[in-house]
Amino acid sequence: MNDLTEKFAGKFTCLGFPTNQFGKQTNEKDWELLPMLAHVRPGGGFVPNFPIFTKTEANGEGASDLFKFLRSSLGAPSDDFKGQGSDYVISTKNIIWTPVTRTDLAWNFEKFLINQEGKPVKRYSPGFLTADVAADVEALLEHGPDALG
């Protein structure tokens with residue numbers, strides 16, 4: 001996400017929304033998020049160049065209004081999960097929210113692209129490389145908010 005933010009500086013912004021709903025992999029407190037990114041995962045002194053929000057819920061009864069809106073706008077990722085195999089499919093033992101719906105995010109790093117008018121225009125699976133979102137961002141910047149249909 002840092003690369004996208006740098007590539008499209010001043011024209012595009014990434015927003016990060018951590019959640020602990022997927023494998024309970026984000027159980028640190030909000031104030032621990034940035035040090036964890038820098039020193040643990042991904043580590044190596046990583047510092048995001050985009051806003052990271054407080055932990056939120058993306059699925060279930062406690063889902064934030066933002067994620068309710070995103071999921072209702074784009075019910076499933078647009079890519080076909082090539083190369084994801086069974087690793088992408090969330091095991092029922094890892095679902096810790098209710099109710100479960102067909103529009104739920106399935107795992108960390110699902111991405112949503114929002115156009116210049118605030119409309120969600122594309123949803124990507126966790127396995128879709130963030131760097132590959134650049135082509136769609138370029139299309140929006142070059143051809144306007146309706147470029148992706």
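The values are calculated or read from the model by the stated rules, or taken from the named source; none is laboratory data. Since we're looking at a predicted model, the values are computed, not measured. Using ideal geometry, Cβ is built from the backbone for each residue, glycine included, and neighbour counts are taken over all protein chains shown. Ligands, DNA and RNA are excluded from the accessible area calculation, which covers all protein heavy atoms including side chains. Shrake-Rupley method; radii C 1.70, N 1.55, O 1.52, S 1.80 Å.
Annotations for the structure displayed:
- Residue list for region 104-149, restricted to those being modelled with pLDDT of 95 or more, acidic (Asp, Glu) and assigned to a loop (DSSP other than H, G, I, E, B): 117, 146
- Residue 4 being touching a residue at least 40 places away in the same chain (Cβ under 8 Å) and not in a loop (DSSP other than H, G, I, E, B): yes
- Residue 1 meets all of the listed conditions (1) modelled with pLDDT of 95 or more; (2) crowded, with 16+ Cβ neighbours inside 10 Å but one, namely (1).
- Residues in region 129-149 that are under 14 Å from residue 4 (Cα atoms), open to solvent by 30 Å² or more (accessible area, probe 1.4 Å) and not acidic (Asp, Glu): 5 in all.
- For region 20-71, a residue qualifies if it is surrounded by fewer than 16 Cβ atoms within 10 Å (Cβ to Cβ), under 26 Å from residue 148 (Cα atoms) and out of contact with any Ser or Thr (no Cβ under 7 Å at 6 or more places or on another chain), and the qualifying residues are 51, 65, 66, 68, 69.
- Contact annotation: residue pairs with Cβ atoms under 7 Å, 6 or more positions apart or on different chains, pairing a residue in region 123-149 that is in contact (Cβ under 8 Å) with a residue 60 or more places away in the chain with a partner that is part of a helix (DSSP H, G or I), are 130/4; 131/3; 133/4; 134/4; 134/7; 137/4.
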